[in-house]
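Comments concern the structure below.
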Amino acid sequence: GLELSHCVGANSLGPAVPWRSGGPCKMKRVRTVFKPEQLERLEQEFLKQQYMVGTERVDLAATLHLTETQVKVWFQNRRIKWRKQSMEQKAAKLSQFGVIQPATADSTDSKDHEEDTVDVEL
């Protein structure tokens, strides 16, 4: 499950900041390291469908010995990566034809983008 390490050098964080929850002791989340077999299966599923919900996600998590949250966040992060790659490919094609791209290349469907701006891995 979710692992938290002990206090991260309280001295290095400086004085306690009132708005920081938990005071001067900040817990650090341990990043999940996926096994190659898990990543391969996750990528296969992503190629079939970019959104995995409900029992499909529960079943995949159980099959891969991951939590449902880990699978959910992996899919969220993978969609972000996919969108970024798509935008870069589009920009490369446009530059081939001498078309100048607008400064803000991050304009995606706002509903999907808001849901998928999670960069945290559990």
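The values are calculated or read from the model by the stated rules, or taken from the named source; none is laboratory data. Since we're looking at a predicted model, the values are computed, not measured. Note: ideal-geometry Cβ built from the backbone for every residue, glycine included; neighbour counts use all protein chains shown. We work out accessible area using only protein heavy atoms, side chains counted, and drop any ligands, DNA or RNA first. Shrake-Rupley method; radii C 1.70, N 1.55, O 1.52, S 1.80 Å.
When Arg57 is tested against the conditions (1) open to solvent by 100 Å² or more (accessible area, probe 1.4 Å); (2) touching a helix residue (DSSP H, G or I) at 6+ places or on another chain (Cβ under 6 Å); (3) among the basic types (Lys, Arg), the lone failure is (1).
On the given criteria, is Gly22 open to solvent by 50 Å² or more (accessible area, probe 1.4 Å) and either at positive phi or at pLDDT below 90 (or both)? Taking the combined requirement at face value, the residue satisfies it.
Per-residue answers, yes or no, for (1) open to solvent by 60 Å² or more (accessible area, probe 1.4 Å); (2) among the basic types (Lys, Arg); (3) at pLDDT 55 or above:
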residue: Phe75; (1), (2), (3): no, no, yes
residue: Gln89; (1), (2), (3): yes, no, yes
residue: Phe97; (1), (2), (3): yes, no, yes
residue: Ala103; (1), (2), (3): yes, no, yes
residue: Ser110; (1), (2), (3): yes, no, no
residue: Leu122; (1), (2), (3): no, no, no
